[in-house]
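Colleague: If you scroll down you'll find the structure; I have some questions about it.
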Amino acid sequence: MAYFGLISPGMLNMTALKIRINNGTSDSLKFAFGAALVVFIQVGIALYFANFFNRNPHIINVLKVIGVVVFFLLSIFFYKLSRKELKPNSTNTKGNYFLRGIGMSSINMLAIPFYLGISIFLAAENKIKIEHPFILLFIFGAALGSFLLFCSYIIFAKVISKKVAFIAKNINLILSLLFLGLGILTLFKVLH
């Protein structure tokens, strides 16, 4: 989920790519590790709230409605991204890239709602258990998936940088349609 949820060329991915091109693999991996560390915390926060909602079954319909709203908002967000031409962010040639990864990932306001929406949807479908130790495994998996995605951008930096506009447009459109479909499916289940 984390890998595919973050696959579209965005601020973090493109910064990791740019650091790899300008400074090399070591600095870009430091950046990726810092960014993935923050994802670990963000997923923990999202699952805490999902766990709270899950323990209060009287608000399960509210959760489903929240899930619908989150999926539709994510669909709109990725559709808007598909309409833009994204370019790698410029970076300085010096600095602590681990801290830069932490800082940039911390301002990513989409992560917590994304994982909250996904975890609520999966819990409502009985696909995950929001209890220990499964919560911790989910959090580790999300952080690892994020780190592996950043590594994919780092490994394929030269290929991606040549085709970034084409990739960004198509991946974001696919993600937009995916979240639209999930929103419609969840709305259908709420209404029935």
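Taken together, the values in this text are just the output of simple stated rules run on the coordinates, not laboratory data. Keep in mind that what you see is a predicted model, and the values were worked out from it rather than measured. As a convention, Cβ positions derive from the backbone with ideal geometry for all residues, glycine included, and neighbour counts pool all protein chains shown.
Colleague: Hey, which of these cross-link pairs are over 28 Å Cα-Cα: LYS129/LYS163; LYS18/LYS80; LYS30/LYS127; LYS30/LYS158; LYS80/LYS162; LYS30/LYS163? All intermediate terms of the calculation are to be shown ahead of the outcome.
Modeller: Values: LYS129/LYS163 39 Å; LYS18/LYS80 23 Å; LYS30/LYS127 33 Å; LYS30/LYS158 19 Å; LYS80/LYS162 22 Å; LYS30/LYS163 24 Å.
Checking Cα-Cα distances, LYS129/LYS163; LYS30/LYS127 exceed 28 Å.
Colleague: Got a sec to turn the phi values of segment 119-127 into Karplus ³J(HN,Hα) couplings, 6.51 cos²θ - 1.76 cosθ + 1.60 with θ = phi - 60°, whole Hz, x for Gly and Pro?
Modeller: In residue order, the calculated couplings are 5, 5, 4, 5, 5, 5, 8, 6, 9 Hz.
Colleague: Between beta-carbons, use under 14 Å as the cut-off and find the net charge around THR25, counting Lys and Arg +1, Asp and Glu -1. Mind dumping the intermediate values first?
Modeller: Numbers: positive: LYS18, ARG20, LYS30, LYS158; negative: ASP27.
Summing Lys and Arg as +1 and Asp and Glu as -1 gives +3.
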